[in-house]
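Some notes on the structure that comes next.
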Amino acid sequence: MPDILQLVKNKDPQEREFHQAIEEFLESIEPVLEQNPEYRQAKILERLVEPERVIMFRVPWLDDQGRVQINRGFRVEMNSAIGPYKGGLRFHPSVNLGILKFLAFEQVFKNSLTTLPMGGGKGGSDFDPKGKSDNEVMRFCQSYMCELFRHIGSNTDIPAGDIGVGAREIGYLFGMYKRLANEFTGVLTGKSLNWGGSLIRPEATGYGVVYFASEMLSTRANNLKDLVCLISGSGNVAQFTTQKLIEFGAKVVTLSDSSGYIYDEKGIDHEKLAWLMKLKNVRRGRIKEYKDKYSDAVYTPVDLSLDHNPLWDHQADCAFPCATQNEINKKDAENLVKNGVILVSEGANMPTSLEGIDVFLDSGILYGPGKAANAGGVSVSGLEMTQNSMRLSWTRQEVDDRLKMIMQSIHRTCIETAAQFGMPGNYVIGANIAGFVKVAEAMLDQGVV
Ligand code: NDP
């Protein structure tokens, strides 16, 4: 068999995160390739690692001083075998083609796992919304959409939010799309409630991560009540993971941002979380301010270039990485296991390095990879698309019930698939194989396209 990873490395040597995502995936699906030689004959893998389309464009905008600023915009349309491209937009200075290709690649299999008809894509820009005024963010979003609008559509490609893209950015993007396309359509998800958004969409990724964790624990006759939890990040996913964990009776003791983290031994309760959500979502402040408000908490600045992150070095039962890729390396994973962690459920995409994943799998703890554990966000995006096209709105309870059912079904699929391939309890194998087979079969059915 040709070495797919080597082919990709030769072609695009600088795309390290994309290589990492492919390596993790290829290791898992080997058994299914053995059983299905037709996948190799049809070059399914070679096609999967090549995006169907990449759009890259200049995004010029004016800052508040009237100076011209230039950013780079992207949309990676990875695979549309099972539905229109679907995946978030990320605005962060670290964004480049390799990062978006890794995210789009993972999105293909995640979307397949949800059982909803969605292909995979991802996009964004190296624009940094941090420290920008609302007007600057609006001008940037409008300029970004001036190019993107001709490539997307409610039956073609439906972007959503990701890091740096929340309700504010989706609003500005949608406003410009509507003006350019002259139609009101569900072309973006994560919209606000009063103009086509779905209840529970903001909460969905975080809630889903916790529902998945709860399902994993139930396989060992355990539950989240009174378990001590470490969470990284303090954005959308981290906030609603915290909220659902508190509801389940767990104790959340950490949250972070890219400058540092807080440790609150007494636990973050609903009142503290409500304060934090105002701090992050309205005032757009930093996590270190939590300590000024709740003096029992400890704030530790973190140097991201260090060989480990001290956040993962606390005694705890569960860990929920909800910030960004590669935030848990081998040493962090070893620290977590050494300190008694029995479960890791990933809110972020690819937060654990390949060596870190090996540590989790070798230790026998419950390890839920992002592809499965954080699929709740895109699932409710899928439900938002359904509500938009049917021109109706489901209640909060209805959407939450559907989300719970989807997370339970993803969990069951992972368990059953892993067992079928002789690796019981291995959610990495389960998620990768189940996600892959559905896409591969659709590609076979549709011929060489
Ligand atoms: P937000 O922008 O709302 O929050 C991101 C958080 O992560 C912030 O606290 C941010 O801190 C922190 N962070 C970002 N980059 C770094 C870094 N390099 N080092 C340390 N901390 C960092 O994004 P989301 O909560 O939406 O996304 C978080 C993760 O979840 C991402 O991996 C995303 O791909 C994934 N995800 C999101 C979904 C969604 O529905 N939103 C769906 C599925 C997955 P700071 O403010 O300092 O940058």
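The values are calculated or read from the model by the stated rules, or taken from the named source; none is laboratory data. Since the model is a prediction, treat every value here as computed from it, not as a measurement. Cβ sites come from the backbone with ideal geometry, for glycine too, and all protein chains shown count toward neighbours. These area figures cover heavy atoms from the full protein model, side chains too; ligands, DNA and RNA do not enter into them. Shrake-Rupley method; radii C 1.70, N 1.55, O 1.52, S 1.80 Å.
Worth pointing out:
- 5 Å binning of all Cα-Cα separations within segment 2-183, expressed as whole percents from 0 upward: 1, 8, 16, 19, 18, 14, 9, 6, 4, 2, 1, 0, 0
- Accessible carbon and sulfur surface of the chain relative to its total accessible area, %, 1.4 Å: 50 percent
- Choice from Q35, Q20, Q408 with maximal GNM fluctuation in the chain (Cα, 10 Å cutoff): Q35
- Within the chain, antiparallel bridges make up roughly 60 percent of the DSSP beta bridges whose residues both belong there.
- Derived scalar couplings ³J(HN,Hα) [segment 254-264; Karplus, 6.51 cos²θ - 1.76 cosθ + 1.60; whole Hz; x for Gly, Pro]: 9, 8, 8, 9, 6, 9, x, 9, 10, 10, 10
- Top positive-direction residue, dipole computed over segment 2-183 with Cβ charges, set P159, L62, L89: L62
- Rounded to the nearest 20 debye, the dipole size of the chain about its Cα centre is 1420 debye, using +1 on the Cβ of Lys and Arg and -1 on the Cβ of Asp and Glu.
- Gaussian network model of the chain, Cα within-10 Å springs - most flexible of F127, F57, F436: F57
- Ligands, DNA and RNA are left out, and with a 1.4 angstrom probe the accessible area of segment 204-364 is 40 Å² per residue.
- Pairs of Cα atoms nearer than 8 Å and 6+ residues apart set the relative contact order; for segment 2-183 it is 22 percent.
- D (Stokes-Einstein, µm²/s), Kirkwood Cα radius, the chain, 1.306 mPa s at 10 °C: 72 µm²/s
- Counting only DSSP beta bridges whose two residues both lie in segment 2-183, roughly 70 percent are antiparallel.
- Fully extending the segment from R58 to N96, taken as 0.36 nm per residue of separation minus the present Cα-Cα distance, adds 12.4 nm.
- Value of relative contact order over the chain, rounded to a whole percent, pairs C-alpha under 8 Å and six or more apart: 15 percent
- Solvent exposure of segment 2-183 amounts to 41 Å² per residue of accessible area, where only protein heavy atoms count and the probe is 1.4 Å.
- Taking θ as phi - 60° and the Karplus parameters 6.51, -1.76 and 1.60, the scalar couplings of segment 53-66 work out to 7, 10, 10, 9, 8, 7, 10, x, 7, 9, 7, 5, 8, x Hz in sequence order, x denoting glycine and proline.
- Selected from N194, N349, N309 as most flexible by GNM, with the chain as the system and alpha-carbon contacts under 10 Å: N194
- Label-point separation, H308 to T386 (7 Å along Cα→Cβ), nm: 4.5 nm
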